[in-house]
Amino acid sequence: MSSEAVLTVRLVRSFEHRNFKPVVFRSVNLDQTVEEFTALVKTDVSTRAGVPPPFKKFEYDTMKIIHQAHGAKTNELVMSLEDDDKLLLREGMSLRAAGVANETELAFFRNEDYETYKANPKAVCWGVGTDMMRIPVMKELESTAAGTNSWPHVALRGARGAAPYNTLLIPSE
């Protein structure tokens, strides 16, 4: 069994906004401790070209296994909120003892943000179905559908006035 692996670390800045950046680490020694690897990732990210400054300056403190090679992936876009007892990397353990193997994908994030998101897993999206889009749509419906007995079709537009990409059906009263 080789002691070196290729690991992908997903730097998570915001769970609510699904803001993350994957970074690949090659020739990672799986016999090093979680603390040593965390320190390595922090120093590497702060000096690595191609990583945006907000990701370089963020205060990451926790790692969790997202996916392992040939394993099932989660449907969550950022990372799974389950199995913290098995998937969170604990201090004092080696990466291998924590369950990390070659081609494992890890999330690196601030634990305080994770706990807040886990208590209320609601993502802020800039698209269909968000509070930001409902307010203008509802006002438009009130003005255009007043006094009719039909089901109005309201086309929602994408960013910068792009062509409509979805239709919202709301019954008028």
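What follows draws every value from the coordinates through simple rules; no lab data is involved. Bear in mind that the values here come from a model prediction, so they are computed numbers and not experimental data. Counting neighbours? That spans all protein chains shown, and the Cβs are built from the backbone with ideal geometry, glycine included.
Each residue of region 44-56 is assigned a 3J(HN,Hα), and the resulting list reads 5, 5, 5, 10, 6, 6, x, 9, x, x, x, 6, 5 Hz, derived from the Karplus form 6.51 cos²θ - 1.76 cosθ + 1.60 (θ = phi - 60°), x at Gly and Pro.
This ranking places Arg13, Arg26 by how few other beta-carbon atoms lie within 10 Å of each, fewest first, which gives Arg26, Arg13. Near Val9, once Lys and Arg are set to +1 and Asp and Glu to -1 for all other residues with Cβ below 12 Å from its Cβ, the sum equals +4. Stretched out straight at 0.36 nm per residue, the stretch from Glu16 to Thr43 would grow longer than its current Cα-Cα span by 7.1 nm. Close amide H pairs (under 5 Å, H built 1.01 Å from N) link Gln68 with Glu105, residues at least 5 positions away or on another chain.
Each of Pro53, Leu87, Tyr114 was placed along the dipole of region 4-119 (beta-carbon charges, centred on the mean Cα), and the one lying farthest toward the positive end is Pro53.
Electrostatic bookkeeping for Thr43 treats Lys and Arg as +1 and Asp and Glu as -1; over the other residues with beta carbon under 15 Å from its beta carbon, the sum is -1.
Across region 22-117, Cα pairs under 8 Å and at least six residues apart give a relative contact order of 39 percent.
In a reduced charge model with +1 at each Lys and Arg Cβ and -1 at each Asp and Glu Cβ, region 4-119 shows a dipole moment near 500 debye about its Cα centre. In this simple spin-label model, placing a label point 7 Å from the Cα along the Cα-to-Cβ direction at both Val24 and Asn120 gives a separation of 3.9 nm.
By other beta-carbon atoms within 10 Å, ranking Thr43, Thr116 with the fewest at the front produces Thr43, Thr116.
Could you go through region 33-38 in sequence order and give the Karplus-derived ³J(HN,Hα) for each residue, using 6.51 cos²θ - 1.76 cosθ + 1.60 with θ = phi - 60°, rounded to whole Hz, and x for Gly and Pro? For region 33-38, the Karplus-derived couplings read 7, 4, 4, 5, 5, 4 Hz, x marking Gly and Pro. Stretched out straight at 0.36 nm per residue, the stretch from Leu81 to Lys57 would grow longer than its current Cα-Cα span by 6.2 nm.
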